[in-house]
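Input: a single structure, listed below in structure tokens.
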């Protein structure tokens, strides 16, 4: 599969737009009443990030946050992505789920968690600890695209964004590099006739689109509730294989494209003021340029 | 290599009969083996972070149990305590993950993990609700007793249901007249054809009245421990009734009732193990139960010290956070040390039990009395560090305190633990 670096325009796809006030059906969509067994190979990206409950502290050199000794876990949106892939396998739509992580040695723990949730095997693209911070969505997208080619995957499911950098770019870039359709911010995925019908959560409401396979999907919060790994699955996960490789083995150059200049805490919230009546409130708001 | 050499050099000093230090590892390993030190667990470090010193798989298990505890149990622990609710659904959800029969063998549906795995699971779950976790550990103990001593038809019938917590189990040893003097129990089980007729009563039974399966130690033979058998009685059997639900200081998420037998007829095939083996079964079950209870205390202490640390960093008096006062720092230092020492004792005892070490009974007893006492003190100190707020039910520390107080009393009082350790030291130790 040839990789095209330039971004193509979105492919036309049948759309049903559901706004806040109601549904406008523009096209009718035929869907098969029967479940079709498919054998998709699904690649899922899982990222090891600082645990969401940890209090983040800025590093003394102000170029990043403290990560040493800090609790890390799987990016919550990636947990949702794995859960969705495993559900597709249980519905016999997917035949294999491969969990992929680009990160330091400890990323293997994250892959093991994915295996314990039901992924079949893992791929660990080892990034030296010092370079992990500088890894960008474009690098990961290139790695994913190369792995898609190698593994002959039919579907890529990623979390919509990582909670450490909030980039929200990897899924989109991966789709562009592969010249595949993308269905981002998915809150529901259904299979119809060799295509996917995906409900997307957008600012205006819910948008339902149909995408042809192969495709890239990014998981949003309400797509599903990830399962707990069970103890027997944790024990089984030990036996599942994790292939190890480096970015260079895939021909991907991970030199950074941008440089972080400064990292600082958000400004401390200032105290508010009380006003006596509505007129004063309006005046103050006008003075502050708010209205 | 240098690390191993200095370790083995230290060990070699203790070995009798070694005159020459050798740089080759092999003889050191043999000597280590003689001292029972080739277990890989020796080379792990235990610390304040409960995940340290565990294998990769155990870290994943600990993480799973913690996630479950924080999401499913912690938000509810105060309500379960206040309303005295037995959280059947939450426990079944835990069982679905494999927490119902953790160290029973996989053959009939147990999870087949080790005692150490069980210890870290209970330690993690205790943060969510110590009382519920303690009941789960009792249920696990009963499942193991059936798994280890039962015959195949008993195991086939009960282990799957207990592992999934479709049915809940209770352990019935204590009576109104026999607590520490357990061997003097007086509930009788007289033969009548192919049945046993049970008469007597059991006191302080955790889960009593709400659980489905009762493992009852009763007297089938003469006086003393050798006349005791372990009999399985199902709820609903005619002649089985329950006393009133006791009102307790803590452990309120599990009901405690007297279990009363009045001409209760049970088939003799419900005897677990052989006749006269009951006391042995009860004590073997309790060895593990003691580690589990100690693990619950440890988990509660860990949660309390974490809460205290968070609190003292935030609370200010005299224009300074409490964490800047040396008294606070010294208290936290002592608490942290007690918790790490407790963790070492519990995990060591769990490993001893797993390996069937000759000192198992003494080590489990040491772990039980030391950990339950010291961790209670840690939780008490944590409450003190919270000041007045620690006394309010809005904060969880008081519940950890009330729940862990009884750990010094049940599954063998700490006084009985001292008896067992002294017996071991005075007789077989050397």
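The values are calculated or read from the model by the stated rules, or taken from the named source; none is laboratory data. Because the structure is predicted, anything quoted here is derived from the model rather than measured. Here the Cβ is made from the backbone with ideal geometry for all residues, glycine too, and neighbour counts use every protein chain on show.
Numbers for the structure displayed
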read-out: Where residue A:123 falls short, out of the listed (1) in a strand (DSSP E or B); (2) away from chain B (no Cβ under 14 Å); (3) surrounded by 24 or more Cβ atoms within 10 Å (Cβ to Cβ); value: (3)
read-out: Residues within segment A:149-159 that are in contact with a strand residue (DSSP E or B) (Cβ under 6 Å, 6 or more places away or on another chain) and not in a strand (DSSP E or B), tallied; value: 2
read-out: Options B:336, B:285: the member that is crowded, with 22+ Cβ neighbours inside 10 Å and not in a loop (DSSP other than H, G, I, E, B); value: B:285
read-out: Complete set of residues in segment A:84-107 that are assigned to a helix (DSSP H, G or I) and within 14 Å of chain B (Cβ to nearest Cβ); value: A:107
read-out: Selection within segment A:35-63 - loosely packed, with under 15 Cβ neighbours inside 10 Å and more than 22 Å from the chain's Cα centre (by Cα); value: A:35, A:36, A:37, A:39, A:55, A:57, A:58, A:59, A:60, A:61, A:62, A:63
read-out: Condition broken by residue B:57, with the remaining ones in (1) assigned to a helix (DSSP H, G or I); (2) modelled with pLDDT under 95; (3) more than 10 Å from every other protein chain (Cβ to nearest Cβ) satisfied; value: (3)
read-out: Residue B:65 being touching a residue at least 24 places away in the same chain (Cβ under 8 Å), within 12 Å of chain A (Cβ to nearest Cβ) and surrounded by fewer than 19 Cβ atoms within 10 Å (Cβ to Cβ); value: no
read-out: Residue within segment B:199-207 that is touching a helix residue (DSSP H, G or I) at 6+ places or on another chain (Cβ under 8 Å), surrounded by 21 or more Cβ atoms within 10 Å (Cβ to Cβ) and in a loop (DSSP other than H, G, I, E, B) present; value: yes
read-out: Conditions (1) in contact with a strand residue (DSSP E or B) (Cβ under 8 Å, 6 or more places away or on another chain); (2) within 25 Å of residue B:245 (Cα to Cα); number of the one not met by residue B:88; value: (1)
read-out: Selection within segment B:77-94 - more than 10 Å from chain A (Cβ to nearest Cβ), touching a helix residue (DSSP H, G or I) at 6+ places or on another chain (Cβ under 7 Å) and under 21 Å from residue A:227 (Cβ atoms); value: B:87, B:90, B:91
read-out: Any chance residue A:81 is within 14 Å of chain B (Cβ to nearest Cβ) and either assigned to a helix (DSSP H, G or I) or surrounded by fewer than 23 Cβ atoms within 10 Å (Cβ to Cβ) (or both); value: no
read-out: Exclusive hit being in contact with a helix residue (DSSP H, G or I) (Cβ under 6 Å, 6 or more places away or on another chain), farther than 30 Å from residue A:148 by Cβ, away from chain B (no Cβ under 14 Å) and free of Cβ contacts under 8 Å to residues at least 40 places away in the same chain, set A:291, A:273; value: A:291
read-out: Lone qualifier among A:170, A:174, A:110 - being within 14 Å of chain B (Cβ to nearest Cβ), touching a residue at least 40 places away in the same chain (Cβ under 8 Å) and under 15 Å from the mean Cα position of the chain (by Cα); value: A:110
read-out: So residue A:198, is it away from chain B (no Cβ under 14 Å) and surrounded by fewer than 16 Cβ atoms within 10 Å (Cβ to Cβ); value: no
read-out: Unique match (being part of a loop (DSSP other than H, G, I, E, B) and closer than 20 Å to residue A:219 by Cα) among A:162, A:114, A:141; value: A:162
read-out: Residue in segment A:141-148 that is out of contact with any helix residue (DSSP H, G or I) (no Cβ under 6 Å at 6 or more places or on another chain) and closer than 28 Å to residue A:53 by Cα present; value: no
read-out: Total residues in segment B:362-383, condition touching a residue at least 24 places away in the same chain (Cβ under 8 Å) and over 20 Å from residue B:426 (Cβ atoms); value: 12
read-out: Tally of residues being within 14 Å of chain B (Cβ to nearest Cβ) and either closer than 23 Å to residue A:77 by Cβ or modelled with pLDDT of 95 or more (or both) across segment A:232-259; value: 5
read-out: Matching residues, segment B:101-114, being more than 10 Å from chain A (Cβ to nearest Cβ), crowded, with 24+ Cβ neighbours inside 10 Å and under 14 Å from the mean Cα position of the chain (by Cα); value: B:101, B:103
read-out: Residue check, residue B:259 outside any loop (DSSP other than H, G, I, E, B), touching a residue at least 24 places away in the same chain (Cβ under 8 Å), over 19 Å from the mean Cα position of the chain (by Cα) and within 30 Å of residue B:79 (Cβ to Cβ); value: yes
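Results for (1) crowded, with 16+ Cβ neighbours inside 10 Å; (2) modelled with pLDDT of 95 or more, shown as yes or no for each residue.
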site	(1), (2)
B:164	no, yes
B:175	yes, yes
B:209	yes, yes
B:218	yes, yes
B:222	no, no
B:227	yes, yes
B:240	yes, yes
B:244	no, yes
B:252	yes, yes
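Residues checked against (1) more than 26 Å from the chain's Cα centre (by Cα); (2) within 27 Å of residue B:81 (Cα to Cα):
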position	(1), (2)
B:206	no, yes
B:211	no, yes
B:216	no, no
B:222	yes, no
B:246	no, yes
B:254	no, yes
B:277	no, no
